[in-house]
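First up is the structure itself, then whatever we jot down about it.
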Amino acid sequence: MRSKLSIVRQQLHRLYLNEILIRSSNKFQQIVQTNSKRHYPINANRTESKQMKTDGYVIYDCDAGADDAWGLQMLIKWEELLNKLKQEGKVDKTLKILAVTCVQGNTDVENSSRNVLRVLESVDRNDLNVLVLLPFQIPVYKGCAGPLKPRTSWQYTLHYHGKNGFGDVQDLPDVDMSHIQQKHAVNAMYEFVCKKPGQVDFVMVGPLTNLAMCVLLYGPNFLNKIRNIYIMGGNYQGRGNATPSAEFNVRMDPEAAFVIWEKTKRPLPILPWETCIEADLGLSVDWRLNVLGSVNSEFIKLMNKVESAILIPKGFTEWIVCDAELVAAYILPQLIIANSRIYSASVELAGTDTRGQMVINHLIEKHVGNAEFITELHKEHFRRLISWTGGLLEDCEIENLIGFA
């Protein structure tokens with residue numbers, strides 16, 4: 001039973017979010033018009049949700065730490081909301097999550113797969129029957145267990161998310177690993193894309209090993225069959241978190257990241273580490289655990305255990321959910337992405353101190369490149385989306401925000 005203090009906090013937060021909604025709704029058209037005048041290249045390839053004319057499909061590739069779980073939950077709720085809007089005749093087509101593919105990174109690929117199953121169980125989207133896939137079930141595939149080039153001298157020892165990816169919490173729900181699909185994630189990714197060329201998006205929130213293996217096994221033409229690839233990872237100002245100069249996802253497999261940007265002939269949307277830590281989204285750990293954490297759902301109960309174990313011992317005061325920020329930019333780019341810049345980028349592979357750092361070529365003319373760095377996010381819109389993802393806001397409030405009321 002929730003305490004009176006938790007209830008009061010939640011009510012106060014709703015009042016605050018309602019005020020944001022009023023201001024956001026009034027400014028929505030102004031925001032879109034302003035963005036169209038900025039250097040905003042991603043905008044050229046976007047279709048607003050209410051104008052969707054073709055079915056969209058997405059594969060979520062993750063290493064299943066805490067923020068991966070939030071990104072997955074946001075993607076699931078968006079898929080479900082679009083299905084509801086289609087039934088109401090407000091959109092013509094929807095988005096379908098084809099699969100979750102797992103990779104080593106925050107934890108090993110076994111734990112990554114196990115944590116994904118826990119999230120899907122908590123929201124009743126687990127594939128309980130590996131032989132018969134019902135429309136609401138999401139298949140999970142296990143991918144690469146290590147980087148393209150085995151690590152020798154450098155090892156990541158901080159284990160921010162704990163060794164098991166979920167804060168090393170001991171009483172997590174048991175899952176049946178036989179629910180994992182038998183096919184390797186790399187083969188599954190290739191087959192999904194070949195069946196629906198030009199229709200499948202990839203949302204990559206872990207090391208890029210699985211995607212790079214697809215390119216190496218099946219050739220770079222595989223990339224041309226993908227509709228779009230959104231990536232959380234890398235840096236463009238030389239600020240790192242795995243090392244002083246390298247962001248975690250890229251540093252965990254620099255060769256994989258190098259393959260992707262070396263073979264890509266178009267700008268891929270990237271949410272770099274600097275944007276995540278400079279976004280100042282106004283989400284405190286106290287708000288996360290005591291306001292959002294007061295929502296009575298299996299997903300929140302699971303994540304309360306996990307994030308309490310991760311955040312409290314480290315003394316963090318700000319709640320940063322990088323992977324959910326990328327998913328937000330993917331599902332609602334017009335509302336979430338405030339600014340972006342195209343650069344020609346690569347990855348340093350040999351540097352003693354800079355291995356895994358992204359290298360930006362400033363000598364090449366701007367607007368020409370293979371990486372589009374999302375450099376600024378709309379704070380208020382993301383706060384509403386993450387509140388909705390956790391169940392603090394109802395669907396109707398997001399429908400108001402995106403103009404479907």
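Nothing in this text is a laboratory measurement; each read-out follows from the coordinates by a stated rule. No experiment lies behind these values; they were computed from the predicted model shown. Using ideal geometry, Cβ is built from the backbone for each residue, glycine included, and neighbour counts are taken over all protein chains shown.
Any chance you could run the full-extension gain for THR243 through ASP286? It's 0.36 nm times the residue separation minus the Cα-Cα distance, nm to one decimal.
Answer, rounded to one decimal: 12.7 nm.
For SER153 paired with VAL359, estimate the spin-label separation in nm (one decimal), with each label point 7 Å from Cα along the Cα-to-Cβ line.
Rounded to a tenth, the inter-label distance reads 1.8 nm.
Cut-off 16 Å, label point 7 angstrom out along Cα-to-Cβ of LYS301: give me the residues of segment 354-392 whose amide nitrogen falls inside.
Counting only backbone N, you get 391.
Among GLY206, ALA69, HIS161, pick out the residue whose Cα is farthest towards the positive end of the charge dipole of segment 55-402, where Lys and Arg carry +1 and Asp and Glu carry -1 on C-beta, about the Cα centre.
Value: GLY206.
Please list 3J(HN,Hα) in residue order for segment 81-91, calculated via the Karplus relation 6.51 cos²θ - 1.76 cosθ + 1.60 where θ = phi - 60°; whole Hz, with x for glycine and proline.
Each residue of segment 81-91 in turn: 5, 5, 4, 5, 5, 5, 4, 8, x, 8, 9 Hz.
How would you rank 247-254, 105-112, 219-226, highest first, on the average number of other Cβ atoms within 10 Å across their residues?
Sorting 247-254, 105-112, 219-226 by mean packing, highest first, produces 247-254, 105-112, 219-226.
With +1 assigned to the C-beta of every Lys and Arg and -1 to the C-beta of every Asp and Glu, and no other charges, what is the dipole magnitude of segment 55-402 about the Cα centre in debye, to the nearest 20?
Using only the charged Cβ atoms, the result is roughly 840 debye.
Could you sort out which of LYS225/LYS265; LYS225/LYS263; LYS163/LYS314 sit more than 18 Å apart by Cα distance in this structure?
Distance filter (> 18 Å) returns an empty set.
Give me the dipole magnitude in Debye, nearest 20, for segment 275-405 about the Cα centre, with unit charges on the beta carbon: positive for Lys and Arg, negative for Asp and Glu.
220 debye
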